[in-house]
Every structure is written in C-alpha cells, then in structure tokens.
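All remarks here apply to the structure that follows.
Derivation of every value follows stated rules applied to the coordinates shown; laboratory data play no part. Owing to the predicted nature of the structure, the values given are computational and were not obtained by experimental measurement. Here the Cβ is made from the backbone with ideal geometry for all residues, glycine too, and neighbour counts use every protein chain on show.
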Amino acid sequence: MEARENNFNFIRDEKRIVIPFFQRAYVWKDIHWNQLLKDLKCSFLEKKEHFLGSIILKRGGVDNCSIIIDGQQRLTTFSILIKVLCDFLKEQEKNYFKDYLFENFTIDKPKINHSKLDKEKYEKVLKNKENLKDQKNLEYKDGIFGCFNYFNKEIKNNFNNIDLFEFTKYIIESKLWVIVCLNANEDEQKIFDSINSTGQKLSSTDIIKNALFDKVIKITDEDRAMQYYEKYWDSIFEKDEKEQEFWNEEIESGRVKRSKSEIFLHSYAIIKGIFNSDSDSLSNLSSLYKDYIKNLKENELKNLLSELKDYAKIYRNFPDINKETVLKYENYELRFFHIIYTYSMNTVLPLTLFLRKILEKKENIYKQCLYLLEILMMCNFETKDYNKFFSKVIKKIQKVNFDDIVNIMRIEIFDRYGKCFNKKEIEKWLTSIDNYDAKFVLFWIELYRQDKNKDYKDNTLGLNYVYTLEHLLPKSWKDNWNDIISNEEDAEKFIYQIGNMTLLKGKLNTSLKNQNWQFKLNGDGKVKNYISKNADLLINKELLDKKSWDTKEIEKRTKKCIDDFFEIWDVDIFNKNNK
C-alpha cells in the first residue's frame, strides 16, 4: 500500500477511475456540499490549504484503470464542483480543466466511470445533456442533480467577488487529498470498512452488498458478478427510484430507526442462523454476514443470493401500512401488520417472513399462525424479549411438518407467555387504559362490529386509522360533571375505562370537550365537531339515544367493549389447549 499527499492533478494521471457497479448510490446532501464549499472558499481567501480526506484506489483494473475503494462521495462531489465552475468560465479558460473531467483524447467520456445507480445522471451533469437547466431538473435537491443545482446556485449568488478561474486553479493545485494506492493482492474490503468515517456513514446494507459482490468477483470475475448483481440484487433493491425509496425508508425499530433493507437483512440472518439473538449485536450485522460468506463457493453464493431475493420479494409484498391504508376486519394480514406498524413490533418480522415463505401454499395455517402472534402482541404487557423467543420458534418450526406448526407455536407461546392470557388482568388493563392503546382497541372494535353488521359489511369500504380519542366523561370534570363524579378516586376509576372513550374525526373544540353530556353529544349550534356528527361509526351510533352519561352507562359500555375485545383476540385459544 502506498499513500501520498496530493492535489487533484492525480486524476489527470489516471486513464480512468471506476466506481464498482455494486457501490452505494450518491448520498451526500446540502449539509456536506455547504461544508465543502465553505472550507474551499476559506482556504482560497486565506491561502491556507484544507484537507478534504483520503481517496483509496486499487491499481490494475479492467484496461489498466483504477478502481475506487473509498472516497467516491468526495470525488464525485469535487468533480461536479469543477464542472459547475467551468460552466461559469470563458471558453478558452474551460479548456485548461477538460482533462480533470474527461478521459484523455476524448470529447465527452467522463474520467470517473460511475456506479450503476448514478452512471446516467453523472454523465448528464458532465455532458450538459437533456437541458439540465430545465425547471424539472432544477427542482432536484438530492443526489447527483441536487449537488449540481446546489453548486450552480451558490457559485452564481455568493462568488461574485471571486475570480473563478483562479479559484478553480487553486482548489485543483492545492494538496487537499491523501491518495492511497493498493496493490492487486491487498484486501480492499477490510480497508474500505475500516477507514470510511468521513461524510455519510455506510449502512449495514451497503457493507453487506459490497462484501457479497466483492466475494463473487474474487472467485469468478466482474462480468459474472455483474450478472448476479442484476439478477439477484438490482432487480429487487435498486430497480428504480421507487424501490430504492422503499428499501431506504427508515422506520421505528425499538428505540432507534432502521432502514427497511437493514430490518430485512437482519430478519433473513436470523432465519439462516447467521445472527444469534442470544449473543450477537445488530452493530455487528455486516461483520456476521462477511464471516458467513468468506468460505462460500460460487454455487453456494448463488444459492444465497437467490434465497435472499425470494425472501426480499415476500417482504416487499407484505402490507405497507400508513395513514392512507384502508383497513377492514376481514383482512387478517392487514390487521396483523397494523399492530406491527402501530406498536413498532418489528421483532416479529423474522418469524413472519419465515412462515410466509414455507406456508406459501398453506394459507389457512399461515392465517392461524398470525392470529396466535396477534393475540400475543395485544395481550403481552410484560418485558417482551421477542428477539430470542421468535428465533427459538423459527428453529423449532424448521424441524416439524406443516400440520404441526400451529400446535408447536401455541405451546411455545403459552410456555413462555402463558400468564399474559389471564382474562382478569386484561379486563383490568381495559378499565384503566391509556389513550394510545384505547384508540387502537376501539378502532378494531369498530371494524369488528361493522363486520358483524350486514348493512355495514356490505356497504362500507373500510376505515383509515386517522381518528382522535375522546373521553366522554372528561378529565376536567369538576365544572359540569360533579353531579356524576364527586371525588378524584371515582374520576380515576371511570374516566379511564375503555367504555368512557370513543373515536372522532378531529378533536372537539376546547370550549366543548369539558361541557355537559348534551352539549358534547349534539353541539351548541356554533362548533363544527361533536359526537353525533361522527355517527357513521357504530361505537358512536350507540350513544345517540343516551339522555345522560353516568357511571352505570360507562360500566355497561366497558363490559360490551371487553366482550368484543375477547371476540377479536380470543385468548382462550391458549387457555383451553394448554391446561
């Protein structure tokens, strides 16, 4: 390995610099562009060189070109900046910098051969193709086009007092870089993982992908690796911007946010035994994958990639729940994933993914399995410890026939969480329930009642989860409800019962929410929202004929809600079969 301080002239000595096809997309954002431009501007004005970071190249690529191992984000950004600066120069001045952007003896062949994900956009920027200054392209704020637009705007607006030709010369000739050159026999993956600390940190998904296809290249060749990449990875994870957005989306997972691709790769690692939930940490996920694949032969790698693709297609087809999702009681899978979405229960995904894969042609068994997990998630109020438990269940299921899966799951769940299915404890929870849980439970009670009611079942299209929870007997009860409640102890007992709560489309006006029953029910002729205006919900329709609202009505409605809860989530499935 050779390392030396250098200026941007190093790129003129390169025939071509290739960013491997499997490296991640360009991810720098305005925070990075702003800092880079600010540092370079200060460096020029103060005549004080600024270190931009290291570039790691590996010699001896295809056609004697150099492969970039680390620094593609910095190098891409810097080259786009040079391109933007050239656009502001006179024609004769531009010629001085042509060899920094394009291969020698060519007119428009970029010196940097970009990765598959950004190749087209990068070439458009350098070649000024397809009218980059059209309004549509000017709207880009991210990615390659976003970088071009940012620099174009900043140079135009904030560099009026700077000689752009001298500035461009300065940043090219200053020793801003450390160029590290590797020999053909050096392990670039180790170096790539260890030094990447500048800019935006690599995700586990990036590192795993790099390791997979670097391994394929090592035991086959780049053409074969490209074939595998296009067939097994690109076609799923990076096919187009829509798919990339899906897999890059970060969602709540425990106390942190993780991308869907990382959640999926973690789930697959649990299924395959790559990740041990008893001893391994998520921070080591990429290392565990690399250890797993380091001794695999080509056929084994091919099978791994093929299976990854199959599982990824299943994950991609799982319901993607959001506020616009229309939910109906009869759609059991939507109900299951709505629980995961609402309570961030992503720890159940490895088991769900595995069940969906092996039960592809056993829909009824799959449905029963999800129902058991659904009851567990709704009724377990203790420390979850789901990671270890679901890993254990996967291992158990892998050893049994299809017909035994439901029973195995029922026994395992009851053995570990049996006390969660105590009906008295669940009733106690429902009579002192917080708003978040109450909103969810009431929403599904409403859908359950609609499903039972033929008129609703045949004529409603389902509901979005967009309601606001309202206490019928309000928390601030002293002004208008002291004929119903006389002390704080009774207030605590009745206000937080599920029977004293309902769902509304939007909050009640502050002046109305603490008023007496008739005002809350029918409004005062001035406010826009009140309970009877939300009578399209069955849980509100039953309130319309109530002349008053008191503790007896609360207890009666609470009992009805509890009965419905156990109709939806039948804990006796465990109790009856495990006594």
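Out of all DSSP beta bridges with both ends in the chain, state the antiparallel percent to the nearest 5. The answer is about 65 percent antiparallel. Restricting segment 1-105 to GluC sites (Glu not before Pro) that sit in a DSSP loop and have at most 16 other Cβ atoms within 10 Å of their own Cβ leaves Glu49.
Structure note, pairs Lys357/Lys428; Lys127/Lys290; Lys127/Lys239; Lys29/Lys294: Cα-Cα distances above 28 angstrom occur for Lys357/Lys428; Lys127/Lys290; Lys29/Lys294.
When the chain is described by a simple charge dipole with +1 on each Lys and Arg Cβ and -1 on each Asp and Glu Cβ, the residue from Ser277, Ile405, Asn210 located farthest towards its positive end is Ile405. For the chain, a crude dipole built from +1 on the beta carbon of Lys and Arg and -1 on the beta carbon of Asp and Glu, taken about the Cα centre, is about 400 debye to the nearest 20. When the charge dipole of segment 330-476 is built from unit charges on Cβ atoms (+1 for Lys and Arg, -1 for Asp and Glu) and taken about the Cα centre, the candidate among Asn380, Thr468, Phe354 whose Cα reaches farthest toward its positive end is Phe354. As a calculated quantity, the FRET efficiency between Phe402 and Asp545 at R0 = 51 Å, using C-beta atoms, amounts to about 0.50. Between Glu243 and Glu492, full extension at 0.36 nm per residue minus the direct alpha carbon distance yields a gain of 84.7 nm.
So, counting K/R as plus one and D/E as minus one, what does the shell of residues with Cβ under 11 Å around Ile375 add up to? It would help to have the intermediate numbers written out before the result.
Working: positive: Arg410; negative: Glu374, Asp570, Asp572.
Neighbourhood net charge equals -2.
Hey, which of these cross-link pairs are over 22 Å Cα-Cα: Lys58/Lys141; Lys520/Lys546; Lys424/Lys560; Lys452/Lys520; Lys520/Lys556; Lys124/Lys153?
Lys58/Lys141; Lys452/Lys520
Here the calculated FRET efficiency for Lys15 and Phe318, from their Cβ-Cβ distance with R0 = 41 Å, stands at 0.30, rounded to the nearest 0.05. Treating each Cα of segment 428-568 as an identical point scatterer and ignoring solvent, apply the Debye formula and state log10 I(q)/I(0) at q = 0.13, 0.19, 0.21, 0.22 Å⁻¹. Treating every Cα as an identical point scatterer, log10 I(q)/I(0) equals -0.54, -1.17, -1.42, -1.53. Taking a Cβ cut-off of under 13 Å around Leu101, the surrounding Lys, Arg, Asp and Glu residues balance to a net charge of +2, with basic ones at +1 and acidic ones at -1. Working from label points 7 Å from Cα in the Cα-to-Cβ sense, the Ser306 to Lys419 distance is 4.8 nm.
Rounded to the nearest 20, the size of the Cβ-charge dipole of segment 500-579 about its Cα centre is 380 debye, with Lys and Arg at +1 and Asp and Glu at -1. Centre-to-centre, using Cα atoms only, segment 419-436 and segment 357-387 are separated by 20 Å.
Computed over the alpha-carbon atoms, the chain gives an Rg to Rh ratio of 1.08, Rh here being the Kirkwood radius from the mean inverse distance.
Averaging over all projection directions, find the projected area of the Cα convex hull of segment 349-443 and quote it in nm² with one decimal place. Show your work: numbers first, answer last.
Numbers: hull surface 27.0 nm².
Result: 6.8 nm².
Across segment 473-481, computed HN-Hα scalar couplings (Karplus, 6.51 cos²θ - 1.76 cosθ + 1.60, θ = phi - 60°) run 7, x, 5, 8, 9, 5, 6, 10, 10 Hz from first to last residue, x flagging Gly and Pro. The distance between label points at Ser532 and Lys153 comes to 5.3 nm (points 7 Å beyond Cα on the Cα→Cβ vector).
May I ask you to list the GluC sites (Glu not before Pro) in segment 365-471 that are in a DSSP loop and have at most 13 other Cβ atoms within 10 Å of their Cβ? Intermediate values should be presented prior to the final figure.
Working: sites: Glu374, Glu382, Glu412, Glu425, Glu427, Glu446, Glu470; in loops: Glu382.
Those that pass, being in a loop and sparsely packed, are Glu382.
A Förster distance of 56 Å, applied to the separation of the beta-carbon atoms of Asp563 and Asp142, puts the FRET efficiency at 0.60. Projected label points at Asp291 and Glu360, each 7 Å from Cα along the beta carbon direction, are separated by 3.1 nanometres. Restriction of the GluC sites (Glu not before Pro) in segment 213-297 to DSSP coil positions whose beta-carbon has at most 14 other beta-carbons within 10 angstrom yields Glu249.
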